[in-house]
Amino acid sequence: MCLYNHGVPQTALSALASLDAELTPIRIVAERLAGTDSIIDSSSGAALFSHRPKIGTEAYACTIFPAISAGLMARYEELHCSEFHIPIAYRKVLLRMNGASIFRLSLYGLPISMCQEPPLLDRSARQPLDLGSANLHWRRRYSSDRGQFQFGASPYSREENVAYFLNGNGSVSAVLNGGRKIWEWSSIQRFLEVELLRSESAFAEFENRMGAIPVLPTPEGTTCKRRGRQ
C-alpha cells in the first residue's frame, strides 16, 4: 500500500489507510489525485483531494468522509432504522469510510447531524448524503425491491441519474428511474472498479461545462463566486 506522495499532507493520505479490500479502488484513485492541495476539512474531518476551482471555490474531485463510530451508528439506527436496516456488508464500509464523493459518484453515509436528537439535515457543513433519506424516500422513483439497499448514485446522462443498490447476495445493481436495471456487478469492489472509471471519464466534460458558466456580478459590483462542493 502506497501512502507517501511527495508534498502531499500526510494527514490527508492517512485517511486512506483503512480503504482496503473492497474499497481498494477508492484508495487507488485518491492516491493518484493527491497533491499539495489535498487537505482535511476542518468542519467535517473529510479528506479532500484535487481542488477543482472551475467547478466551485470549495469543490474537490474526491471527498472521503471519516469512519463513523459504532456508537453513532447505533444511535442513527435507533432514530431511523425502524423501516429499513443497514446490511452487514455496508456497515463494514461505514466503519472505515462514512460515505464519499469521487468525481460525480456519491456513496451515501450517516450525516452526524442525523445522529442527534432531534435529527436534522445540515447543509452548512460537508456531510455525506443520507442513507436513511435514500432508503425511505429516494428509492421510490426506482421501483426497487424491498430487499435491496440503496447506497449511492451518479449521473447516467445530463437528464438522469443511476442509483446503486446492494442485493442480498452481495452483488450491486444499477437502476434507472422506473426500475430498469442496466448493469449488475458481482461485488462492491467490482462495482467500484467499473463505475469510478466511467465517472472519471465524464468528469472533464462536466468540469468544463461548469467552468463556462459566467460569474455574475453582485449588486455591490463584486463578483459572485460559485462555492459548489464536489
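For the chain, what does the helix formula give at 222 nm: sum of -39500 (n - 2.57) over DSSP H segments with n ≥ 4, over the residue count, nearest 500 deg cm²/dmol?
Details: 6 runs with 63 residues, N = 230.
Helix-only estimate at 222 nm: -8000 deg cm²/dmol.
Tell me, what HN-Hα J-couplings in whole Hz come from the Karplus equation 6.51 cos²θ - 1.76 cosθ + 1.60 at θ = phi - 60° for each residue of the range 171-182, using x for Gly and Pro?
So the J values, rounded to whole Hz, are 7, 10, 10, 9, 10, 9, 3, x, x, 7, 7, 10.
Cα axis of helix 70-80 to longest principal axis of the chain: angle in degrees, 0 to 90, nearest 10?
Rounded to the nearest ten degrees, it is 70.
For the range 38-125, divide the Cα radius of gyration by the Kirkwood radius and give the resulting Rg/Rh value with two decimals. If you can, show how the numbers build up before the last one.
Values: Rg = 13.9 Å, Rh = 14.0 Å.
Radius of gyration relative to Kirkwood radius: 1.00.
Taking 0.36 nm per residue of sequence separation and subtracting the Cα-Cα distance, how much length would be gained by fully extending the chain between residue 11 and residue 140, in nm to one decimal?
Values: separation 129, 0.36 × 129 = 46.44 nm, distance 3.93 nm.
Taking 0.36 nm per residue and subtracting the Cα distance, the gain is 42.5 nm.
Enumerate the calculated ³J(HN,Hα) couplings along the range 183-190 in order (Karplus 6.51 cos²θ - 1.76 cosθ + 1.60, θ = phi - 60°), each rounded to whole Hz, writing x wherever the residue is Gly or Pro.
Karplus-based 3J(HN,Hα) across the range 183-190 equals 9, 8, 10, 6, 7, 4, 4, 5 Hz.
Just the Kirkwood number for the chain, please: inverse of mean 1/r across all distinct Cα pairs, in Å, one decimal. Show your work: numbers first, answer last.
Working: mean 1/r = 0.0543 Å⁻¹.
After inverting the pairwise mean of 1/r, the radius is 18.4 Å.
How high is the relative contact order of the chain? Use alpha-carbon pairs under 8 Å, at least six apart in sequence, and give a whole percent.
Relative contact order for the chain comes out at 19 percent.
Helix 24-33 against the longest principal axis of the chain: what's the angle in degrees, Cα atoms only, rounded to the nearest 10?
0 degrees
Filter the GluC sites (Glu not before Pro) in the range 45-90 down to the DSSP loop ones having no more than 14 other Cβ atoms within 10 Å, then list what survives.
Here the GluC sites (Glu not before Pro) that fit, given the DSSP loop and packing criteria, are 83.
Every number in this text was worked out from the coordinates using simple rules, so none of it is lab data. Keep in mind it's a predicted model, so treat the numbers as computed, not measured. Backbone-built Cβ (ideal geometry, glycine too); neighbour counts: all protein chains shown.
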